[in-house]
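The values are calculated or read from the model by the stated rules, or taken from the named source; none is laboratory data. From a predicted model like this one, the values you see are computed outputs, not experimental measurements. Note that each Cβ is placed from the backbone with ideal geometry, even for glycine, and that neighbours are counted across all protein chains shown. All accessible areas refer to the heavy atoms of the entire protein, side chains included, with ligands and DNA or RNA removed. Shrake-Rupley method; radii C 1.70, N 1.55, O 1.52, S 1.80 Å.
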4 protein chains.
Amino acid sequence: MVYSFTNDYSEGAHPRILESLMKSNLIQHTGYSLDCHTEHAARLIRKEIQCENAEVHLIVGGTQTNLITICTALRPFQAVISASTGHINVHETGAIEATGHKVLAMPAADGKLTPALIQEALDFHTDEHMVQPKMVYISNSTEIGTQYKKAEVEALHHICRQKGLYLFMDGARLGSALTSSVNDLTLEDIARLTDVFYIGGTKNGALFGEALVIINDALKPDFRFMIKQRGAMLAKGWLLGIQFEELFQNHLFYELATHANEMADQLKKALIAKGYSFAYDSTTNQLFPIFSDEKIACLEKEFSFNIDKRVDEAHRSIRLVTSWATTQEGVQAFIGAV
Amino acid sequence: MVYSFTNDYSEGAHPRILESLMKSNLIQHTGYSLDCHTEHAARLIRKEIQCENAEVHLIVGGTQTNLITICTALRPFQAVISASTGHINVHETGAIEATGHKVLAMPAADGKLTPALIQEALDFHTDEHMVQPKMVYISNSTEIGTQYKKAEVEALHHICRQKGLYLFMDGARLGSALTSSVNDLTLEDIARLTDVFYIGGTKNGALFGEALVIINDALKPDFRFMIKQRGAMLAKGWLLGIQFEELFQNHLFYELATHANEMADQLKKALIAKGYSFAYDSTTNQLFPIFSDEKIACLEKEFSFNIDKRVDEAHRSIRLVTSWATTQEGVQAFIGAV
Amino acid sequence: MVYSFTNDYSEGAHPRILESLMKSNLIQHTGYSLDCHTEHAARLIRKEIQCENAEVHLIVGGTQTNLITICTALRPFQAVISASTGHINVHETGAIEATGHKVLAMPAADGKLTPALIQEALDFHTDEHMVQPKMVYISNSTEIGTQYKKAEVEALHHICRQKGLYLFMDGARLGSALTSSVNDLTLEDIARLTDVFYIGGTKNGALFGEALVIINDALKPDFRFMIKQRGAMLAKGWLLGIQFEELFQNHLFYELATHANEMADQLKKALIAKGYSFAYDSTTNQLFPIFSDEKIACLEKEFSFNIDKRVDEAHRSIRLVTSWATTQEGVQAFIGAV
Amino acid sequence: MVYSFTNDYSEGAHPRILESLMKSNLIQHTGYSLDCHTEHAARLIRKEIQCENAEVHLIVGGTQTNLITICTALRPFQAVISASTGHINVHETGAIEATGHKVLAMPAADGKLTPALIQEALDFHTDEHMVQPKMVYISNSTEIGTQYKKAEVEALHHICRQKGLYLFMDGARLGSALTSSVNDLTLEDIARLTDVFYIGGTKNGALFGEALVIINDALKPDFRFMIKQRGAMLAKGWLLGIQFEELFQNHLFYELATHANEMADQLKKALIAKGYSFAYDSTTNQLFPIFSDEKIACLEKEFSFNIDKRVDEAHRSIRLVTSWATTQEGVQAFIGAV
C-alpha cells in the first residue's frame, strides 16, 4: 500500500462538506449559481474579507478561474506578468495564450514577483510593436511552497496602482499560506491590496471549487457572461455554494489548512533533524527535500510523490505535498522510511 | 412551496451515486482522471456501445464538452453546421465562436438537421472567401424535445461520410431520447453512425458530468491537452468516474431516463385529454404546452417553469421539463392545477 | 479579349496616385504610418468630415479593417449585428469569428439593417447564456448595390444610442454610395451618425487602402496596438498616406466614384430600355440584371462577371461591377452584345 | 537634412519594380492573387529553389506571414520555439499569442537557435499539463544581424525531423543573409532543409511583400482560406506578383541585398579601423556599434537610427541598418561624422 504525497487533491471532501451535500440532495435548487447557498457563501466571504462590494463567483477549477479572470481583464493586445514558475506560465497547457494573451514570464528564484521585476517588464515594453503589460499575476502560496509577506504584497499593490496594472492573486493554495507560521497577511489585507483574487477549495477540503473575489469595479460588469462562455457555469451551481458555506461557516477553511501545514512542519523538522536540505525555502504545505537517487528509489516503493528536479549527479529534489487529509500515520511512516 | 419543472438539473444526484462517492471519499486517488474508477467507467461504456477502440473522456459540463470537441475537430477556417435551435448556436454565449469558429445555423422547424439542410450549407460555401463546413452538430434529444430516429441518423451519417464531414451528437439529454417510447436507436447504433458523441450525466442523475465518446481516430490524438487547456480537467477526476460507473453498472442510466419520460408522458396525456395543444411535437422529457396568459399566471403561483414563446395575442407556450427526480406528486399537482 | 465587369479592383491606381507614389519613391520616410503624408491625409479627411477629433488610420484591406475594428470594440462575449448579406457574415472566411465574436445575421431583403431588425436581435438575447449584441455593422453601399438614405442612418443612429450599441459603417464602396444620384448623405453626416466608419480606397482608384475614421472616443485608445497585432501595420505606411492625400486633395475620390456610377447608369438604362429586370434595386456601381442561361453563356464569351443566383429554371442574375477605370468602350460593347 | 539608418524600409521600391507596376497599371487582372504575374513569380521562385512541388503565396507583410504560417501549422495546444530575440517573441505585439499559441522563448546570445536549445525546450514539456512544442522558428538573418551557416541549419533540420517538429525560417532579411560574405547557404538548401520559409521583399527593394514558400505537404491544404481569414488576401494581388517577378527575373533580389551588405561592410570596416567595437558580431545589413553617449548625441543631429541598449554607464550600442537604397554619400557622411 503506497501512501501518496503527490498532491493536495488525492482525497474527496471533508466529511462536514459531504454531509451538507447529502442533506440538500433532493431539494430543488435554481441552477447556474443563482441559488440561496451560493448567495450565502458569497455573504460569508464578503464578511470575512470585510468588503461589502466585492463580487464573488464560485468556479469549479483553477485553470478556468485563471483564464476567465485574465481574459476578462485584458484587451486583446495586453499581457499578464507572471513569475516564470507561475502556474499560468507552465502548467495550464497554454490556457492563457489560448485566450489570446501573452504571459510575460519573469525569472524569480523564489517564485515571487517583486516591484523590480515588474518594472523590468514595463521598461522593456515601450510601444505598439510589443504587447502592453496590464496585469500582474501572483500565486500565494507559490508553486514552490514560498509565500508573500504583507509588506511584499503592499509593495506590489503600490507599483500596480502607480502603473495602472491589475493585481491578481491566484489562491489555489491560499489556505496554506494564510495559516503558515510565518504568515502576516489576512483575507482582509488581500481584499484591500489586490484587484481580484481567489480562495482555493479544491486543494483545501472541497470536492472542487475556487471562490473568485472581484474587488475592482472595472472587472465586475457582465462577468457571468465570461463564465458561461468558457464553459465554467456549473448547472448545479449550488454544489459549489454548499461547499464554500461549510468552509467559511465555522472556520473549517482555516482548520483544514492548519492541519496540512502541521503535517508539512512535522516532515520538515524531521528531515532537517536528519540533516537533509531543501531545494526551496518553503513555509507552506509543499516541501522540496533533496535526496540521493538511491534513497528516492527506496522511498518510491512505499510512497508516491513527484520528482522536482535534478540537483547534482547523485541527488534530486522531490515534492512532498500535505493536505487536510494527510494522516499522522502517513507522515510518521515517511519519516521512519527516510 | 413552488414545484419546479424548470429543468432537469434542479436536484443533486441519485442516491446510489452519492453513496458511491461517500464510500470512496477518503481513499487516495490519482488525479486528473487517471484513476481506476474513470478507467472502469470507460470500459463499461465501451462495452455498452460495443466499440473497443472508442476513447472515453469524462468532462464536467456540456458547454465545455461542445467547445473542446468542436475546436479539436476543426482547422481555424472551418465551421460547424447546426440547427438554428442548436444549443451551441443559442445558449452557450458564443462559446464556439470564442474558439474561433463560425456556427452555420440552418433553420429546422423541428430542431433536427436533415441531409437537405446540410447540402444547402455545403452548396452555399464554395471557396476560400467563405468558411469551410467540416462538422455537423446534432442534439439528441433536441432542444425542443424532439428526437432522431435511426433512419434519420443513418441518412446524416451517409451524407457526412460522402462529404468528408464529422458527425457530432450532443447527448446532454441522450438518456431521455434512448428511452422514449418512439425510439429505435441504441448507443451501439450511435457509436457506429457518428464520429463523436456524448452521454449526458448532469441531466440524468449525476451531480455533473458528460461522457464524451470519440469513435473516429482522427479526433483522438492528444485530446487530453485540449481538455486541460480549456480548464476542463477536473483535479479530482475520479468523482466523474464513480458517477459514470454507477450509471452504467446496473442500467441506472436507463432507469433514470425512463422515469423522466414517464413523468412527461403522464403530463402529456393529461394535457391532451384536457384539450391542450403543444408548440412542438416532443417525445422526450421536455413538453411545450400552450396556455392562455391567465392560465400561465395562475400556474406560476405553484410551479416554476420557463416561458417558451408567444403563440398568439392571448397564448404562450411554456417549457415543462421532467427528470429522474420528478415526483409523482409534482406531476399530479400540476395536472390538478391545470 | 474579354472585358471584365467582375469587380471594381481589376486595375491598378488612378494615374495621379501612381505619379505621386513615383515622385516620393526615393525620399526617406518614417515607417509604420508615422510619416508626414499619412498625417496630411488624416488632416484632409478630418477636414472633409468636419470633425477635428476623429482618429484616422490607413489600413491595407477591408477584411483587416473590419476584423480589427470589431474586435477592438467588443468584449469577448459581445456580438455584432449584421445583415445576413453583410460582407463580414459571408465573404470573410469567418474572420470575425476567428477573433472570437459571433456575427448575428439578420435577414434583410434589400441588404440593409433597420431599427426593427436590430430590436429583434436585442429582444432575442436576454441573458448571460447568450451573446450580448454590442455593435451594428452596415455596409454603404451594400453588397447588393443598395444604399442607405440619411433618414435611415439617423434611425439606426438613434436606436444604437438608445441601446448602447456602436454603429460601424463599412465603406469599402462608400464613394459609389456618396455620388449616387439618389444619395442624400455626406461624409460629414456619416461622421455625425456613426461611431466608426471607413472610406474605401481599394475599390475607388487606389492600389489598396481603407481609411478608418474613429469618431467615438471609447474606440480610440491604443488602436495602433491592434493594427500591429493583426499584421496590418504596413512597414512603408506612407504609401497609404500618399494615396489618400491624392484622393482627398482635389476631389479625386468623388470624381472616380462618379465615373463608376455613370458607367453603371448607362448599363442600367440600356438594359431597362431593352426590357430586362434586376434582382435587386441597386443605385450604385453594382448591377444585378437577370438574363436567360443562353444569353449568359453568350455574354461570357466576351465579358467576365460573376453569377449572382438562379432566379428560375431558365434565368439567373449576374453581377456587373463598374469602377473608376471602366471604359465607355467596355460599357458600349456590353450593351451591344446584349 | 537627417540621413536615416533607422531601417531597411525607409524608401519605396527599386525603379525597375515601379516601372513594371506602371506598365501594367491599366490592364485588367484577376483579383486575389489568381493572376498571371503571381503565377509567373511563383514559377520563378520554384525554379530558383529547385523544388517543383513548393507552394508559393505572396503576402503583404511579415507579421501576417508569421502568424498565418504558425497558426496553420499548430493545433490549439501546440507551441512554437523561438530565440528570445525572435521577431515573433518581441516585436509583433503578441500576434502569435493572439492566434492562441504560446511562443517558447529560448535564450540565445547570438540570436540563433541550436539543437541543444530545442532539446531543452522539449525536455521541459513532458505532458498534457504543458503546451506541446511543434514548430521551430528561426530568422535568417537574425534580428541582431547574425546569420545561420549551412551546417547549423542542417543540424536544426536533423533534430526537427527526429522530433517531429516543423522548421520555419523567417526570411524578412533573407537577401542580406544569402549575399553576406560569410554565407554558404542557398535558397535551394533552405528549401531542402526547412518545411516552410519566406523570402522578404519589403526590406529588399519591394514596396511590400513576402514570398512564403511551403515545402512540406502537410502545411499546404487550404492555405488560401487562412490567408483570407486573417485579412491578408490582397484584392489587387498582382501587385505582389509583379514585384516578385522583377526581383527574381534578373537576379535583382541578390543585387539589391548585395548593395545593402556592401554599405554595411564599409561602415563596419571604417568603425573597426577607428577602434569601435560592436554589441553583436553581425555579418549582414544591420550593425550595432557601441558609442559614448556624447558621440550618440552628436550623431543624432545628422543621422537617424535606433538605440539598441545601454552597454555601460557612458556607452550605448545603436542599430545601423543599410538597404538597397542606402547611398554611398550617406555612408561616407556617417563615417566622416564619427
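Distances between copies at D:LYS47, taken between label points 7 Å from Cα along the C-beta direction, are 5.0, 6.9, 8.4 nm in increasing order.
What the Cα convex hull of the stretch A:110-256 gives, in volume per residue, is 136 Å³. Output the direction-averaged projected area (hull surface divided by four) of the convex hull of the alpha-carbon atoms of the stretch B:175-260, in nm². Seen from a random direction, the Cα hull of the stretch B:175-260 projects 6.3 nm² on average. When DSSP beta bridges are restricted to pairs lying wholly in chain D, around 55% turn out antiparallel. Rounded to the nearest Hz, the phi-derived 3J(HN,Hα) couplings of the stretch D:224-234 under the Karplus curve 6.51 cos²θ - 1.76 cosθ + 1.60 (θ = phi - 60°) are 5, 4, 5, 4, 5, 4, 8, x, 10, 9, 5, where x marks glycine and proline. Per-residue ellipticity at 222 nm, computed for chain D from helices alone with -39500 (n - 2.57) per DSSP H run of at least four residues, works out to -11500 deg cm²/dmol. With the alpha-carbon atoms of the stretch A:89-188 aligned to their principal axes, the span from lowest to highest coordinate is 46, 31, 25 Å, starting with the largest. The residues of chain C present an accessible area of 34 Å² per residue when probed at 1.4 Å with all protein chains retained.
Solvent-accessible area of the stretch A:69-201 (1.4 angstrom probe, protein heavy atoms only): carbon and sulfur portion equals 52 percent.
Magnitude of the charge dipole for chain D, about its Cα centre and with charges confined to Cβ atoms of Lys, Arg (+1) and Asp, Glu (-1), is about 320 debye. Checking the Cα-Cα distances for A:LYS203/A:LYS301; D:LYS47/D:LYS149; D:LYS102/D:LYS228; A:LYS203/B:LYS220; A:LYS228/B:LYS309 against a 27 Å cut-off, the pairs over it are A:LYS203/B:LYS220. Pairs from the list B:LYS269/B:LYS295; A:LYS236/B:LYS134; A:LYS112/A:LYS150 with a Cα-Cα gap above 22 Å: A:LYS236/B:LYS134. Amide H contacts for D:VAL136 (H built 1.01 Å from N in the peptide plane; partners 5 or more residues away or on another chain; cut-off under 5 Å): D:ILE81, D:TYR166, D:LEU167, D:PHE168. The stretch B:151-217 has equivalent-ellipsoid semi-axes of 22, 15, 8 Å, by the square roots of 5 times the alpha carbon gyration tensor eigenvalues, sorted largest first. Both chains summed, the buried accessible area for B and C stands near 1400 Å², from protein heavy atoms and a 1.4 Å probe. What is the antiparallel percent of DSSP beta bridges lying wholly in the protein assembly as shown, to the nearest 5? For the protein assembly as shown, the DSSP antiparallel bridge percentage is about 55.
For chain D, the Cα-based Rg and Dmax, in that order, read 20.1, 60 Å. Of all residues in chain B, the one whose Cβ lies closest to the rotation axis carrying B onto D, together with that distance in whole Å, is B:GLY100, 4. Counting only Cα atoms, the size of the stretch A:49-118 along its three principal axes is 36, 29, 23 Å, in decreasing order.
With the highest mean first, a sort of the peptides A:167-175, D:125-133, B:8-16 on other beta-carbon atoms found within 10 angstrom per residue produces A:167-175, B:8-16, D:125-133. Cα convex hull, the protein assembly as shown: 184 Å³ per residue, rounded to a whole number. When chain B is modelled as a GNM with alpha-carbon springs shorter than 10 Å, which of B:VAL213, B:VAL90, B:VAL153 fluctuates the most? Of B:VAL213, B:VAL90, B:VAL153, the Gaussian network model singles out B:VAL90 as fluctuating most. Ranking B:ARG310, B:ARG224 from most to least accessible surface, computed with a 1.4 Å probe over the protein chains only, gives B:ARG310, B:ARG224.
Its residue count N sets the reference 2.2 N^0.38 Å, and the alpha-carbon radius of gyration of the stretch A:1-77 equals 1.47 times that reference.
Sorting the segments D:49-62, C:24-37, A:59-72 by their mean number of nearby beta carbons within 10 angstrom, highest to lowest, gives A:59-72, D:49-62, C:24-37. Legend: mean number of C-beta atoms from other chains within 10 angstrom of residue C-beta atoms, peptide A:7-15, equals 6.
Residue by residue along D:233-246, Cβ atoms of other protein chains within 10 Å of the local Cβ number 3 on average. Pairs of Cα atoms nearer than 8 Å and 6+ residues apart set the relative contact order; for chain B it is 25 percent.
Taken about its Cα centre, the stretch C:24-109 carries a charge dipole of roughly 160 debye when the Cβ of each Lys and Arg holds +1 and the Cβ of each Asp and Glu holds -1.
For the stretch D:257-272, the Karplus equation 6.51 cos²θ - 1.76 cosθ + 1.60, evaluated at θ = phi - 60°, returns couplings of 5, 4, 4, 4, 5, 4, 5, 5, 4, 4, 4, 4, 4, 5, 5, 4 Hz by residue, with Gly and Pro reported as x. With its label point put 7 Å out from Cα toward Cβ, D:THR186 sits 6.5, 6.6, 7.7 nm from the same residue's point in the other copies, in order from shortest.
For the stretch B:208-338, relative contact order (Cα pairs under 8 Å, six or more residues apart, normalised by length) works out to 23 percent.
Projecting 7 Å from Cα along the Cα-to-Cβ direction, the label point of B:HIS251 sits 5.3, 8.5, 8.7 nm from its equivalents in the other copies, listed shortest first. When the alpha carbon gyration tensor of the stretch A:3-131 is reduced to an equivalent ellipsoid, its three semi-axes come out at 36, 20, 15 angstrom, largest first. Look at the stretch C:200-210: the mean tally of other chain Cβ atoms within 10 Å of its residues' Cβ atoms is 2. Result for chain C in a Gaussian network model with C-alpha springs under 10 Å: among C:LEU212, C:LEU267, C:LEU239, the largest mean-square fluctuation is at C:LEU267.
Both numbers refer to the Cα atoms of the stretch A:220-300; Rg and Dmax are 20.2, 56 Å. Pair-distance distribution P(r) for the stretch A:200-334, from all Cα-Cα distances in 10 Å bins starting at 0: 10, 31, 25, 20, 12, 1 percent.
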